[in-house]
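J.: Structure below; questions to follow.
The values are calculated or read from the model by the stated rules, or taken from the named source; none is laboratory data. Note that the structure is a prediction, hence the values are computed from the model and not measured. Here the Cβ is made from the backbone with ideal geometry for all residues, glycine too, and neighbour counts use every protein chain on show.
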Amino acid sequence: MPKKKSPKVPHPTPPKRVQLHSRRAFVKGMGAAAAVTAVAPTLWIPRVARADSFNTIKHLVYVRLNGGFRFTAAYNGDVASEFNPYGLASGVASGVQWGPSALLESSPWLSGDAATVQARTDLGMSTMPQIANSMAVVPCVDHEPLSGGADGNHGTGLERYYTGYAGGGTSFLTMINYALRDRVATGSNVSSDALPAFSLGSSGMALGAGIYAAYRPAVIEGTNFSRFRTSASSGLPDWATQFAGATDARMRDRQHTTHQPTVDNYIQSRAASARFDAIFGDPILNIDDTSETPIDGLTQSQLQTLLGNSGAGRRARLALRLFHFGCPAVYFGEGGYDMHSNEENNLPSSMEGPNQLLCGLNAALRAMAHPDGGTYWDHTLVVLGSEFGRTGRGNRFNSARGTDHNSDNATRWMSMPFMGGAVQNNGQGGKMFGRTRPSDLAAEGTVYSYRTIMKTLMHMLGGDHDDFFPADNPTDILVDGA
Amino acid sequence: MTASLSTSRVSTLPRAIIRLLLAASLLHCSTQTSYNTSNPARGPGQLLEDTDALNTLPLTTADDAIPHARMVTPPADGELPNCDGACTTFCTDLNLQNPLNRALCHSAWGVGLDTQPIHTLQACRRLHMDLWGRFPSLAEAKQNCEGNTWSQTVANLLQSDHFVRQCRAHWADQFEYNTTRVSVERIYDLDQIVERLCRGTLAYNRFAEVAASHPVLTRQHDTPGDRAEAAYRIFLGRSPFTNERSDVGRLYAPWDNDYYDSQALGQRLPDAWVRYGCIGTDEGDTGSCTSVLFGYNTVDLGTPDLRSTRESGGDRTMWSGLLSAEEWRVLQAPGRVLAAQSLFWEHQVDALLQHYMGYDLAREIPTARSELVQYLVDHHGDLRALHFAIATSAAYLQSTEGSTATDHRWTYGPLKQTPAEGWLTSLTHHAGLIQNGTHDWGSCDPRISHPEDFLDNDSTAIAYGLVEASAWTLDQEGQLQTTFSDYAKSLGGCPDNDPSGRFSTVSVLTTSTQLSIATELCDPLLDGIENHAANEILIPSGTVDNAAINPDGAVAVLEHQVARFFGRSPTDDEVTEIRLAGEECERLRCTAEEFARPLCYALLSSAEVLFY
């Protein structure tokens, strides 16, 4: 199959950082280095004190472990057995602080068919314990650090995850598009060819009203981007193109004058969508393309070898291809962890999903050359979260050998992994920022809110996040560990 | 030992034995009763009293003749109408029967403003989308809308299953059905209550009483205050003030969140429990379950008995599935409090006006609200009466086209964006992908927000059967058919309430998606796309697929498709243009199929399907 020439998409030029003062120097100067147990609301002072992590990444893979995830049983495993009944992993890379659990040992991709295993090994794929030093974990991410307990409710927990607040009206990806509105094709920015953020599967990540409505990310259900094509527009006979245009124009012109802009908006949107025809129809976005032509260093089939063909694996493959066209962030869900019953048997096998996702991304990102130089690993951050943690209600499991969610600490803390070059290249791989007491999961270090995490990620993407979460500061722990 | 005996008087050993026996008997009962996968509803809806239809449609309200405006100088743009004595007399003399027309007169005809007449087929198209959720073909429009009075047409559509399905989907959105957060059996139960509301056999205030304390609402929220907030938003359209949240929240104090194990479904289902902590034990505790802001209301369930099987935070709790009819009645206090407020009725009127008009008519003409509230109450709280009054009103039956003397919003018709599912259903229906109710692209069912949870490897045959009996479609291999729901979600429909709801927007990416769908349906480039519209759908009968197209043939194909897709006849402009296209095709020796498929794409991708 001849390689179709892909449209030239200028990668978004990162904005120049506005740094009037170093926030760290400022804080040190104030002698305010004392440790705190919770990040109290503070006033974010726009554009005066940017943290060092500003504009350190170009792409974000934001993954939700669906249904509420037992984080302590995976990414903060050095705790009592009622919080991690599965034990700790062996063979962990040196210097890892965050307690990889035995669940992370599950690596079926390195067993079975010898040729496939060899191919994966050749592409640099290893096991979670072996790559544990390429990611950092924040063990205490909370919905509301100042509240009395966890929000163990699916609805509001997820609202907080998507928007930062219970009942929040603007989703994180909408915020990203808005924060990067000068760089990506979203809102009224018609000059950029860089794709905006995409939600691959959930419209919960696409909330936005008022001035943010135009920045909602596209929601793509399923995993076949080829469905997005509008190839018919460019191949239609002239008469059909003209007739379609005339039909729209007639519809507009016969409306009451106050209605005409409504129809005209569609006409303009239709014209603008033609600009993306080349991108949407590009074989690069066809992740099932069997061509052996490498794209950014890896063929589509090599990506499949690394990330598999599961729903999350396919979405991850598509995410990497969307990044090729300047997309700053992709969100998708992985698995289903609302295991009120039989978690004891089901979770170990289910962990193959996130394990392969992280290991596959780790290998793929390192192998892929980025259009702006370096590898995608250097420019990409992979983050896992969920709506809440899970609890065995004081035991290893509940009465149905599963876990529930209520207001306790096990539900409360999302121990979130952050993996990417921005972390490891800056010497923060394997570190844990914050700590929990093993016996009862009481926080013994800093507790971060979801809002702080979102603000931090927008900050790392180099976005203008002044509009969002004014009481929460971004943190630069992921790049300097302070 | 009687069921009313306080648990404090039961010694530990006998109580444990009795619980065991009780559990065994319940288990026995549950396994003896075969599980109905088409109707797994369990909950307070099963205890709701049976009632006959509250009204007979069409209501006695006659179709008002649309009057001409009084010969006075109308208010200028931006100027509020001032209906003086002569105007009031004019309106009174008209003897208008429709409550919305009566209100409209004082802001339109009575002050010299005319309304925009509408063509029956345009009105029919709008009515079908608003009541049935899809556009009619020309044949359907003629069958349903011609030859009847408009009142009879509206009544017929309101009494169809299509309307009931739309109505149920609306309330599914309001209550944010989500099978991850609350038991699917409870969702089916509320859906059955909603169905009675939609069929006009349950008054709106009675519905609110049951629904405001239904596990589908209470289980989705953590605290009594949150539950009060949700009930306020659904039934009053606003958040409670701090004192209201605190006060009405006390009526939600007995509710607790927990789980029960469904052997049939092989799942642990999230459900509402009741907590006995604040009541029954001593008089002083009663205050924490008592509201005094709107009269003295309390939720006193008495003392816990043998049915209470768990402890939570030191209190006895009981699964709500064991509540008696009388206990359910007691727990319905929040809904009774809300339904007694005038805002309760006003909000529903406002919401329906917004649905039909696409703008806030009640704010523009406040008397419309009061007239419709009175009309609704006069018709025993039958929401169908409200639908009927609005859909037969002159405010609704106005054209979106042409110009008006002023821009007063109520003097021309509403132009709305077609909802995602309505757009998709219309396209696929007209493209012949829905045959005998079966959709080649599948469908979605709001009662099961996450069907995949019922189809995984651990699922029981009953759980599988539940999905199979729902509106979701399984293919021959038992896989979920998600083409329709995937597209709908991309465009803002089929919400899984996880937590987002429905949305509609016009953006580059949604437009691209819509163009892609039109491509898939029409196959305009004859690429052999699977599941596209068949030739017999796109080409008039009597014309063979490979017939050579000439100008007359082109017009015949246009007439056929415009009737099918737009529910009307082609305009002169369209005929002129397509004749030219036919001439070009004649020169190029196009076949009927080569002409019909690009035309299908041009029509289905047009703004005429996206707005109505």
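J.: Please pick out the residue among B:Glu530, B:Glu520 that is without any contact (Cβ under 8 Å) to a residue 60 or more places away in the chain, more than 27 Å from the chain's Cα centre (by Cα) and within 30 Å of A:Arg216 (Cα to Cα).
T.: Every option except B:Glu520 fails the conditions.
J.: Still on this structure, please answer the following. Given the conditions (1) at the interface with chain A (Cβ under 7 Å from one of its Cβ atoms); (2) surrounded by fewer than 24 Cβ atoms within 10 Å (Cβ to Cβ), which single one is not true for B:Gly478?
T.: Failing condition for B:Gly478: (1).
J.: Within the range B:102-124, can you find the residues that are within 28 Å of the chain's Cα centre (by Cα) and among the aliphatic types (A, V, I, L, M)?
T.: Correct list: B:Ala103, B:Leu104, B:Ile118, B:Leu121, B:Ala123.
J.: Collect the residues in the range A:395-441 that are out of contact with any Lys or Arg (no Cβ under 9 Å at 6 or more places or on another chain), closer than 14 Å to A:Asn84 by Cβ and within 14 Å of chain B (Cβ to nearest Cβ), keeping them in residue-number order.
T.: A:Phe397
J.: Could you check the range A:225-318 for helices (runs of 4 or more DSSP H) lying wholly inside it with 1 or more residues that are more than 7 Å from chain B (Cβ to nearest Cβ) and either touching a Leu at 6+ places or on another chain (Cβ under 7 Å) or under 30 Å from A:Gly124 (Cβ atoms) (or both)?
T.: A:277-280, A:300-307
J.: So how many residues does the range B:573-589 have that are within 11 Å of chain A (Cβ to nearest Cβ) and farther than 16 Å from A:Pro237 by Cα?
T.: 3
J.: Output the number of the condition that A:Gly149 fails; it satisfies all remaining conditions of (1) more than 23 Å from B:Val508 (Cβ to Cβ); (2) outside any helix (DSSP H, G or I); (3) at pLDDT 90 or above.
T.: (3)
J.: Ok, one more. For B:Thr418, state whether it is β-branched (Val, Ile, Thr) and more than 30 Å from B:Thr513 (Cα to Cα).
T.: no
J.: Can you tell me which residue among B:Pro524, B:Pro495, B:Pro540, B:Pro499 is facing chain A (nearest Cβ under 9 Å), under 21 Å from B:Ala556 (Cα atoms) and in a loop (DSSP other than H, G, I, E, B)?
T.: Unique residue meeting the criteria: B:Pro524.
J.: State all residues of the range B:502-511 that are modelled with pLDDT under 85, within 7 Å of chain A (Cβ to nearest Cβ) and surrounded by 23 or more Cβ atoms within 10 Å (Cβ to Cβ); if no residue qualifies, say none.
T.: Of everything in the range B:502-511, just one residue is modelled with pLDDT under 85, within 7 Å of chain A (Cβ to nearest Cβ) and surrounded by 23 or more Cβ atoms within 10 Å (Cβ to Cβ), namely B:Leu509.
J.: Residues to consider are B:Arg250, B:Arg181, B:Arg219, B:Arg196; find the one that is within 21 Å of B:Arg329 (Cα to Cα) and touching a residue at least 60 places away in the same chain (Cβ under 8 Å).
T.: After applying the criteria, what remains is B:Arg196.
Let's see how each residue does on (1) under 20 Å from the mean Cα position of the chain (by Cα); (2) within 26 Å of B:Thr511 (Cβ to Cβ):
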{"residue": "A:Phe276", "(1), (2)": "no, yes"}
{"residue": "A:Thr293", "(1), (2)": "no, no"}
{"residue": "A:Asp296", "(1), (2)": "no, no"}
{"residue": "A:Cys327", "(1), (2)": "yes, yes"}
{"residue": "A:Ser341", "(1), (2)": "no, no"}
{"residue": "A:Asn346", "(1), (2)": "no, no"}
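J.: State whether the residues of the range B:409-421 include one that is in contact with a Phe, Trp or Tyr (Cβ under 7 Å, 6 or more places away or on another chain) and either more than 12 Å from chain A (Cβ to nearest Cβ) or within 21 Å of A:Asn66 (Cα to Cα) (or both).
T.: no
J.: What's the total number of residues in the range B:354-385 that are touching a helix residue (DSSP H, G or I) at 6+ places or on another chain (Cβ under 7 Å), among the charged types (D, E, K, R) and part of a helix (DSSP H, G or I)?
T.: 4
J.: If you don't mind, there's one more thing I want to ask. Does A:Gly373 satisfy the condition of being surrounded by fewer than 23 Cβ atoms within 10 Å (Cβ to Cβ) and at positive phi?
T.: Here the answer is yes, as A:Gly373 does meet what is asked.
J.: Going through the range B:297-339 one residue at a time, which ones are in a helix (DSSP H, G or I) and closer than 19 Å to B:Tyr204 by Cα?
T.: B:Trp328, B:Arg329, B:Val330, B:Leu331, B:Ala333, B:Pro334, B:Gly335, B:Arg336, B:Val337, B:Leu338, B:Ala339
J.: Taking the range B:476-492, which residues are assigned to a loop (DSSP other than H, G, I, E, B), of a type in the set (S, T, N, Q) and under 16 Å from A:Leu200 (Cα atoms)?
T.: B:Thr482
J.: Continuing with this model, one more query. Which of the residues spanning the range B:80-114 are within 21 Å of B:Met357 (Cβ to Cβ) and part of a loop (DSSP other than H, G, I, E, B)?
T.: Answer for the range B:80-114, where residues must be within 21 Å of B:Met357 (Cβ to Cβ) and part of a loop (DSSP other than H, G, I, E, B): B:Leu80, B:Pro81, B:Cys83, B:Leu96, B:Gln97, B:Asn98, B:His106, B:Ser107, B:Ala108, B:Leu113, B:Asp114.
J.: Given the structure, is A:Pro438 part of a loop (DSSP other than H, G, I, E, B) and either without any contact (Cβ under 8 Å) to a residue 24 or more places away in the chain or over 23 Å from A:Asp78 (Cβ atoms) (or both)?
T.: Judged against the criteria, A:Pro438 is not a match.
J.: May I ask you to verify whether A:Arg317 is among the basic types (Lys, Arg) and farther than 23 Å from A:Ser147 by Cβ?
T.: Taking the combined requirement at face value, the residue satisfies it.
J.: Right, another one. Could you check B:Phe454 against (1) within 25 Å of B:Ser606 (Cβ to Cβ); (2) buried (at least 24 other Cβ atoms within 10 Å of the Cβ); (3) within 14 Å of chain A (Cβ to nearest Cβ); (4) of a type outside the set (Lys, Arg) and say which number it fails?
T.: (1)
J.: Restrict the check to the range A:154-167 and report whether at least one residue is farther than 24 Å from A:Gly208 by Cα and either over 15 Å from the mean Cα position of the chain (by Cα) or in a helix (DSSP H, G or I) (or both).
T.: no
J.: What are the pairs with Cβ atoms under 6 angstrom where one residue, in the range B:599-612, is more than 7 Å from chain A (Cβ to nearest Cβ) and the other, located anywhere, is of a type in the set (A, V, I, L, M, F, W, C) and surrounded by fewer than 22 Cβ atoms within 10 Å (Cβ to Cβ)? Sequence gap at least six, or different chains.
T.: Here the result reads B:Tyr612/B:Met129, each pair linking the range B:599-612 to a residue that is of a type in the set (A, V, I, L, M, F, W, C) and surrounded by fewer than 22 Cβ atoms within 10 Å (Cβ to Cβ).
J.: Of all residues in the range A:398-426, which are of a type in the set (A, V, I, L, M, F, W, C) and crowded, with 20+ Cβ neighbours inside 10 Å?
T.: Scanning the range A:398-426 gives A:Ala410, A:Trp413, A:Met414, A:Met416, A:Phe418, A:Met419, A:Ala422, A:Val423.
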